[in-house]
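Inspection log for the structure reproduced underneath, given as structure tokens.
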Amino acid sequence: PLPVFPAQDLTFAGGGPAATAPGAGQWSFGPTDTFSQAPVNGPNPGTATANAAANSVTWTFGSFADPADRSAVSDILFTVTASNKPFGDGLLLTNQAQQSERNETGNQLNTNTAVTQVTMSEPELTITKGVVSTSNPSGIFNPTSVAPAGVTFSQPGQPGASFTGTVNSNGLASAPIDATLENVVGNDLVKFSIVVENTGSGTNGAFDVAIKDAYDAAKFMIPAGATGLNLQVTDGTGRSLPYTGDLFGTGIELVDGVTNHPGPGITFDWIDQGTSLVGVYSGSIDTTAYQSSSIPPPSSTSFVGDNGGGYNDIDIVAATANGKQRFEIGLDAVGSGNFAFATGNGTATGDYLYAQTLVNLSFLGVPSNYVSSGPLTGTVTFPNKSIATVFHSNINTPAVMFNDGTNTITFQQAGFVAFDAATNYSSGAFTPGSPPPNNGSGFGSWTVHEPGGGSAGAYIGNTALGLKTFGVASPGNSSAYTGMERAFGAALATGETFSTTVAATSFSSGTMGLKWKTSSGPELSLFVDSGTGNWKYAIGAAGTPTDTGTAFNAGSPVNVSLERVSGNNVLLSLTQAGSTWSTTLSLSDAAVTSVEFFSSGTQSAGNATNLGFDDLKITADVQQQAAVGPSNPTNGKNIVVVTYDLQLKPTVAPLDVIPNTATLTNYAATEGGPNFLSPAGLKDDTTVTIRGPEVSKTLIGTSIVDTWNSNTQAVIGELVTYELSVKVPQGTTPAAVLTDTFTDALGFVRVVGTPTVDPGVTVGGLANINSPTLTQNGTVAEWQLGDIVNSNTDDQLHGITFRIEAVVLNDRLVPLPIFGPVNRAKLAWTNHTLPEVSAAEVRVIEPQITLNKTVSPTTAQAGDTATFTIVVSGGGTTAHNLSLEDFLPSGVTYVTGSLAHTAGVAPNTLATSGGGTAFT
């Protein structure tokens, strides 16, 4: 079935029925096959022809006849290779086989069909983006837990690892790293995280994983502090993952095929990418380096300063405008793909960064605003160089060694140089590692020469990793020399193999060999006996040499390998011209810390060019895996964690919601395979929300306070005082407008006193604060505050506060004598409006009048006198201009002079009218 198994012509593997599967692209007869042994008239074996349109393969055997009329079984084995084309993980592929035949009369017989299914195992990657920390302690994360249990991310701007703990699939299932951030302000630092997780069942992991990111450059900037962007790319355990490219440009691609060797021991894993060779450091060099004072000093004037860590160091030197900044990084501090620069050694625009291996020096300009910090993470890359040209020749042209998309380091030589002390050649005795002879002249009488003569400080030859042979000439004999070389540490994990190729060399006398050492002395010595030419080995410092019986043949190179098979058991092997000798040895400690390469004897300059060790490497017996490992619930190697720091610009506006999007643009099932993703890729984003302003409206009091009228009550015409406060976060709140809306019962009068503006705050419309725009008969006041700029850096809100007066209106439309007007204020600015806020209630109070009229007696006959009493009572507050009228009904005659005020407040006037029929 397509697209996994494309049909192809299959080649017959030969032989009879067998259970062994044929090789890829071949077919054979299976163990139960008898048909292939029967007499046939047609081809036997038949042809296996592919039909591209049907994606099928057909075996044609022609006609056959068996006089004995026996049954036969056709059992066919064939092997095809699954393609690397994208396919859903865990889906079933159905493979159908069909058999047909005709009888001797040509009639089609029944066709038999059989099916089998294959479950596809593919990588399946997801991506999540989140904010994991901020410099603002008031920042609010959603969800509040930004990482799985046991994982803690560092604060932005801090050097060192970006997180502790292990990010694994189990943890991500319950707590994905996808938090958003709110309540931050301008200049705050924010640490972002991108997590790529492989949940697919493919056993080889995911290859060619490419990620890119984008941030809003109008709202964010790269921090100017010592750690800068602080970009780190690791797996879920925190182990650095080498990559190439620029995260914020075309994206980064993780480097596949890198084995994480345990230290100590520098190793290079080389990945030939066709147009470039990528090498990745892993482990650390032997720290028991000899001091540089024991070594003849290099003569080149291009060497910058002394190498304080000995000749096991690579120097990284920053030369600033004043020439004072300088720092070193020794290979003993190098981790997988890391160059840990000392914090605080800054560079400036136009400065240069030097990278040197002893006398080999190269220069490059430092990008604008770059400040060196640690750790940097990247790959060692030699563009447009094949493995052969790097391993077997000098690189005289500077080549890019490190590039993280912003910073670049260039080296002119492959690898590094490491030396031991000079050897003793007195009295014809050769003692590797012993102090140099004095001979009354001191060490200075010995000189270092290259083949054919040369100046002191020159070195002879090159090996795969830049390790060099050298000669130290004895006094009075500058044309002959002896030498010794100290290589890197080579601790072996179980299943790993140390190997090197010893050059085919003729000796006039002397020996050559290797020593595996621990801190306490030699573990294993391997050398060539100068008398017999045979290889010998000895275990321990005082071990008796054992002759291997294998002669050193100068006609071809010898491959030497040491494999740690189990515990302290190692397999020593010598291979030359196709013949191999090997033996298993038990060492006291197989975790050796260094390897020494030595040669001795009187050598001519002409022969010296062939002296050395090549293809020096450590390899593992496991398959090279992709940068992103196969799915695993706990180990974290199927996880990629990308972290970096950004700083909010001071000009961000309140309540801005700033998206930040990461995209997984590529991954494949094999190195260089087709992309599993569409051109749009997989995206995920997070947001950072700027803290909003705060508006408050406070009732200060009323102008009349008495028994009838409290400080929260007002009568018509009374003044009410409010305080308005607008506080904004750091940065600019653009085009701010404050609106205060009253009900029909209140109207704006004036701004009282002088507004209070907090230190560090400017209000663009402050000059017009006393002249708001009034609408709706003065019941709505609007202040154009303009741009409010808070330049404080304390993460607190600051702004403006002022007071206003409003008057209670004589509004006849008010339906109730007592009511509470809601005084609402709101703030708006560019693209945002806050919800309205209200002050405490003010109750407007009005008079309440009650009228009661009684008569006595309540019954009477004609001519009787009846007295009417009217009682007027009030409440709430004073009633002004009160007037009362009363009218006599017909049939009743007023008794002249009986109208009188009998109690309470006396009326201003008391009169009759209408001939005693009306009273006011």
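What follows is calculated from the coordinates using simple rules that are stated; it is not laboratory data. Just so it is clear, the structure is predicted and the values come from calculations on it, not from any experiment. Here Cβ is always computed from backbone atoms with ideal geometry, including for glycine, and neighbour counts include all displayed protein chains.
Quick notes on this one:
- Between Val255 and Tyr243, Thr244, the built amide H atoms are under 5 Å apart, and every one of these is 5 or more places off in sequence or on another chain.
- What the Cα atoms of the range 782-920 give is an Rg and a Dmax of 29.1, 96 Å.
- Each residue, Thr762 and Ser71, gets one label point 7 Å from its Cα in the Cβ direction; the gap between the two is 10.1 nm.
- Rg/Rh ratio calculated on Cα atoms of the range 133-178 (Kirkwood radius): 0.98
- Sites Glu104 and Ser83, calculated FRET efficiency, Cβ-Cβ separation with R0 30 Å, nearest 0.05: 0.10
- Residue-normalised convex hull volume from the C-alpha trace of the range 128-231: 124 Å³ per residue.
- When Leu526, Leu882, Leu92, Leu888 are sorted by how many other C-beta atoms sit within 10 angstrom of their C-beta, beginning with the fewest, the order is Leu92, Leu882, Leu888, Leu526.
- Euclidean distance between Cα centres, the range 147-175 to the range 756-812, Å: 46
- Radius, Kirkwood style, for the range 694-844 when every pair of distinct Cα atoms is counted (Å): 16.0
- The ranking of Lys683, Lys129 by Cβ neighbour count inside 10 Å, starting from the fewest, reads Lys683, Lys129.
- For Tyr894, Tyr722, Tyr667, order by how many other beta-carbon atoms lie within 10 Å, fewest first: Tyr894, Tyr722, Tyr667
- For q = 0.21, 0.26 Å⁻¹, Debye-computed log10 I/I(0) when each Cα of the range 847-920 counts as one equal scatterer: -1.07, -1.46
- Label-point separation in nm, Thr902 to Val872, each point 7 Å along Cα→Cβ: 1.7
- Length added when fully stretched, Gln861-Thr60, from 0.36 nm per residue minus Cα-Cα: 274.3 nm
- Gln848-Asn770 FRET efficiency (beta carbon distance; Förster radius 30 Å; 0.05 resolution): 0.20
- Our coupling estimate for the range 740-749, obtained by passing each phi through the Karplus curve with A = 6.51, B = -1.76, C = 1.60 and θ = phi - 60°, is 10, 10, 9, 8, 5, 7, 10, x, 5, 10 Hz, Gly and Pro reported as x.
- In order through the range 179-196: 3J(HN,Hα) via Karplus (6.51 cos²θ - 1.76 cosθ + 1.60), integer Hz, x for Gly, Pro: 5, 9, 10, 10, 6, 10, 9, x, 6, 5, 8, 9, 9, 9, 9, 10, 10, 10
- Pairs with C-alpha atoms separated by more than 21 Å, drawn from the list Lys649/Lys697; Lys697/Lys727; Lys191/Lys219; Lys649/Lys826, are Lys649/Lys697; Lys649/Lys826.
- Hz values of 3J(HN,Hα) by residue in the range 557-567 - Karplus curve (6.51, -1.76, 1.60), Gly and Pro given as x: x, 10, 8, 10, 9, 9, 10, 7, 8, 5, x
- The modelled label-to-label distance between Gln117 and Glu671, using points 7 Å beyond Cα along the C-beta direction, is 3.5 nm.
- Placed amide H near Ala214: partners under 5 Å, 5+ positions off or other chain: Thr661
- Taking amide hydrogens as placed 1.01 Å from N in the peptide plane, the amide H of Gln26 sits under 5 Å from those of Thr11, Thr79, each at least 5 positions away in sequence or on another chain.
- Shape index of the range 721-803: Rg/Rh, with Rg the Cα radius of gyration and Rh the Kirkwood radius from the inverse mean 1/r over Cα pairs, equals 1.00.
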